[in-house]
């Protein structure tokens with residue numbers, strides 16, 4: 001007999017949701033706008049989603065990917081996100097009470113990492129890093145197929161790593177500030193005297209391809225800073241794989257350029273081949289990982 005689950009990926013602008021079976025197969029997948037006004041409206045929306053999915057199948061549980069510093073043990077979400085009302089109350093308890101389903105919640109970046117370890121690019125290894133490059137840099141540290149949260153819940157927050165030589169005088173020394181898409185945009189804007197709001201990562205790469213020398217130089221530095229952070233993480237944790245995710249990772253040649261930069265930086269005495277692979281899943285990764293997290297927590301799967 002197959003078990004079915006309601007799975008949600010809560011974002012700042014939309015809630016993606018799906019009916020999935022215990023193997024990670026999608027039977028139904030939709031989305032609705034994320035309520036911004038209040039927790040009550042959010043809970044009403046979740047209740048409506050679950051009722052909709054219950055019309056087709058008997059549900060065994062509710063698996064949820066959420067932004068913020070999710071404490072998977074207590075169900076409380078710390079940090080700061082675009083949804084202030086999720087911080088403070090016990091979201092896990094509220095979801096269970098409202099839906100009358102067993103519920104588990106996990107941070108969205110951690111869910112993306114878990115998806116890769118279950119049925120994605122890291123399914124053949126136990127220890128790996130998933131680095132998600134967007135406006136900032138986030139990610140997941142997975143050891144023995146389990147997300148490691150750390151004492152204070154910050155394991156995997158690779159973007160806070162300091163790379164610049166002007167810390168602590170400047171707030172622009174973190175890996176996120178120097179090597180994320182937002183950092184690239186700010187560096188190009190500063191170099192060319194432009195408003196950062198006029199630029200996107202896609203536009204910057206287009207400018208470089210059209211021959212803009214300033215942009216080409218900043219992209220070169222962008223890859224250098226990415227490679228330095230990855231190099232440091234390899235030597236600190238020594239995982240079996242390092243995966244790169246985020247929209248920019250799907251740009252043609254992006255992962256290959258990182259690996260070429262890593263190859264150039266490799267010390268002659270190094271015994272390691274440091275290279276990265278692209279995450280397999282895109283918009284579905286948080287849903288897949290949220291379900292896997294539920295199955296792990298509820299002992300449906302043990303690895």
Quiz item: Mind checking whether some residue in region 191-207 is in contact with a strand residue (DSSP E or B) (Cβ under 9 Å, 6 or more places away or on another chain) and either at pLDDT below 90 or under 25 Å from residue 110 (Cα atoms) (or both)?
Solution: no
Practice problem: Report whether or not residue 93 is loosely packed, with under 14 Cβ neighbours inside 10 Å and either free of Cβ contacts under 8 Å to residues at least 40 places away in the same chain or within 20 Å of residue 158 (Cβ to Cβ) (or both). | Solution: yes
Exercise. Examine region 53-72 for a residue that is in a helix (DSSP H, G or I) and surrounded by fewer than 17 Cβ atoms within 10 Å (Cβ to Cβ), and state whether such a residue exists.
Key: yes
Exercise. May I ask you to list the residues in region 137-166 that are more than 19 Å from residue 281 (Cα to Cα), under 16 Å from the mean Cα position of the chain (by Cα) and in a loop (DSSP other than H, G, I, E, B)?
Key: 148, 149, 153, 154, 155, 157
Self-check item: Checking residue 129 against (1) closer than 21 Å to residue 247 by Cα; (2) assigned to a loop (DSSP other than H, G, I, E, B), the condition it does not meet
Solution: (2)
Quiz item: In region 102-126, how many residues are buried (at least 17 other Cβ atoms within 10 Å of the Cβ) and assigned to a loop (DSSP other than H, G, I, E, B)?
Solution: 4
Quiz item: Only one of (1) out of contact with any helix residue (DSSP H, G or I) (no Cβ under 7 Å at 6 or more places or on another chain); (2) farther than 27 Å from residue 105 by Cβ; (3) at pLDDT 90 or above; (4) surrounded by 13 or more Cβ atoms within 10 Å (Cβ to Cβ) fails for residue 173. Which number is that?
Solution: (3)
Quiz item: Of all residues in region 22-52 being over 15 Å from residue 7 (Cα atoms) and without any contact (Cβ under 8 Å) to a residue 12 or more places away in the chain, which is surrounded by the most Cβ atoms within 10 Å (Cβ to Cβ)?
Solution: 35
Quiz item: Do you know which residues across region 279-289 are surrounded by fewer than 17 Cβ atoms within 10 Å (Cβ to Cβ) and either more than 12 Å from the chain's Cα centre (by Cα) or touching a residue at least 40 places away in the same chain (Cβ under 8 Å) (or both)?
Solution: 283
Self-check item: helices (runs of 4 or more DSSP H) contained entirely in region 207-303, each with at least 1 residues that are farther than 22 Å from residue 147 by Cβ
Solution: 213-237, 254-265
Quiz item: Of 184, 233, which residue is buried (at least 19 other Cβ atoms within 10 Å of the Cβ), in contact (Cβ under 8 Å) with a residue 60 or more places away in the chain and either within 25 Å of residue 130 (Cβ to Cβ) or in contact with a helix residue (DSSP H, G or I) (Cβ under 7 Å, 6 or more places away or on another chain) (or both)?
Solution: 233
Quiz item: Do the conditions hold for residue 178, that is, is it crowded, with 18+ Cβ neighbours inside 10 Å, out of contact with any strand residue (DSSP E or B) (no Cβ under 9 Å at 6 or more places or on another chain) and not in a loop (DSSP other than H, G, I, E, B)?
Solution: yes
Quiz item: Of all the residues that make up region 9-48, how many are over 16 Å from residue 99 (Cβ atoms) and part of a helix (DSSP H, G or I)?
Solution: 0
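The values are calculated or read from the model by the stated rules, or taken from the named source; none is laboratory data. What you see is a predicted model; the values in this text were computed from it and never measured. Reconstructed Cβ throughout: ideal geometry from the backbone, glycine too, with neighbour counts over all protein chains shown.
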